[in-house]
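Just below is one structure, and these are the notes that go with it.
The values are calculated or read from the model by the stated rules, or taken from the named source; none is laboratory data. The shown structure was predicted, so the numbers you read here are calculated from the model rather than taken from an experiment. Because the Cβ atoms are built from the backbone with ideal geometry, glycine has one as well, and the counts that use them run over all protein chains shown.
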Amino acid sequence: MNVYRQMLQLNVLTLTELTCLFVKDFKRQGYGRIANIGSTSGFQPCPGMSSYGASKAYVMQFTEALHAELEGSGVSATVINPGMTATGFVDRAEMGGSALAQGGLSDPNDVARAVYDAMMAGEMNRVVGWVNKLWAQSTLLAGSRHLLVWIAKWRLRPRTAPRLSSAG
């Protein structure tokens, strides 16, 4: 249970407290940029990672609402939603065998560049990588929360090695 508490402390409470602390000073100065790290997991239910996905959905909703609240103040809030990135998270979350992780990991340097570019441009929300953008947009078209759960289960399924046919 402590693992969940730590994750929620970091992704929800600490993020909110630090963001509000900086926003107050930035508004007083009339300029500032906030970048919060979300996840493509925040776009759909994540069986097997429910607390993580829910915490990243919070990051996205909080940051997008804050972006709207800050309009015209010279301050902006941006949420960046990378997919799986080569940071060690996949190993810590024991997801290395999932089909999603086997699809390839984003380079952390590319993600860092996207964070900086989106934040400096004052964007509200940026999804990093064309496959991730496609996935995030597809959740809007699913039409059914049940379908989203099924798709998420399929994407997070254990990946098995392909069978080689002995027929020649």
Flag if Gly72 is at pLDDT 75 or above and not in a helix (DSSP H, G or I): yes
Could you grab me the full set of residues in the stretch 125-149 that are at pLDDT below 75, assigned to a helix (DSSP H, G or I) and polar (S, T, N, Q)? Asn132, Ser138, Thr139
Given (1) closer than 24 Å to Trp135 by Cβ; (2) in contact (Cβ under 8 Å) with a residue 60 or more places away in the chain; (3) not in a loop (DSSP other than H, G, I, E, B), number of the condition Pro45 does not satisfy: (3)
For Gly48, work out the one condition from (1) touching a helix residue (DSSP H, G or I) at 6+ places or on another chain (Cβ under 6 Å); (2) at pLDDT below 85; (3) of a type outside the set (D, E, K, R) it doesn't fulfil. (1)
Looking at the stretch 100-124, I want the residues that are in a helix (DSSP H, G or I) and have a partner that is among the hydrophobic types (A, V, I, L, M, F, W, C) and modelled with pLDDT of 85 or more with Cβ atoms under 7 Å, at least 6 apart or on another chain. Which pairs are those? Val111/Val128; Ala114/Ile80; Ala114/Val128; Val115/Ala35; Val115/Ile80; Ala118/Ile80; Met119/Ala35
Residues of the stretch 1-39 classified as of a type outside the set (A, V, I, L, M), within 16 Å of Tyr58 (Cα to Cα) and touching a Leu at 6+ places or on another chain (Cβ under 9 Å), total: 3
Please indicate, with yes or no, whether at least one residue in the stretch 28-45 is of a type in the set (Phe, Trp, Tyr), in contact with a Gly (Cβ under 6 Å, 6 or more places away or on another chain) and either more than 28 Å from Ser138 (Cα to Cα) or at pLDDT below 95 (or both). yes
Looking at this structure, is Asp110 on the phi < 0 side of the Ramachandran plot, at pLDDT 95 or above and of a type in the set (D, E, K, R)? no
For the stretch 1-12, give me each residue that is surrounded by 11 or more Cβ atoms within 10 Å (Cβ to Cβ) and more than 15 Å from Ser50 (Cα to Cα). Gln9, Leu10
